[in-house]
Amino acid sequence: MSSPEDINIFEDIQILCRDFRRKWKKGNQPRIEDYVGRLDEAARQTLFQNLLHVELEFRRRQNETASS
């Protein structure tokens with residue numbers, strides 16, 4: 001069973017991912033690094049993975065080659 005803290009972290013991740021996606025849709029290229037520091041260390045890996053997925057998808061749509 002999830003604790004209220006887990007639910008809050010999930011909501012925070014969702015909010016940040018929506019903001020990140022919205023900026024990509026507007027033609028900006030937000031930096032993942034600017035987002036991961038907004039959450040505590042326990043949530044950063046999950047947030048990073050989600051943001052990376054969003055960024056890679058937008059880059060693919062723009063026919064960009066992803067690099068590390």
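When only residues in the range 46-67 that are outside any helix (DSSP H, G or I) and open to solvent by 100 Å² or more (accessible area, probe 1.4 Å) count, which is modelled with the lowest pLDDT? Taking the candidates together, the pick is Ser67.
Checked across the range 34-45, the condition of being open to solvent by 90 Å² or more (accessible area, probe 1.4 Å), modelled with pLDDT of 95 or more and closer than 16 Å to Phe58 by Cα holds for no residue.
The values are calculated or read from the model by the stated rules, or taken from the named source; none is laboratory data. Keep in mind that this is a model prediction, so the values were computed, not measured. What goes into the accessible areas is simple: the full protein's heavy atoms, side chains included, and nothing from ligands, DNA or RNA. Shrake-Rupley method; radii C 1.70, N 1.55, O 1.52, S 1.80 Å.
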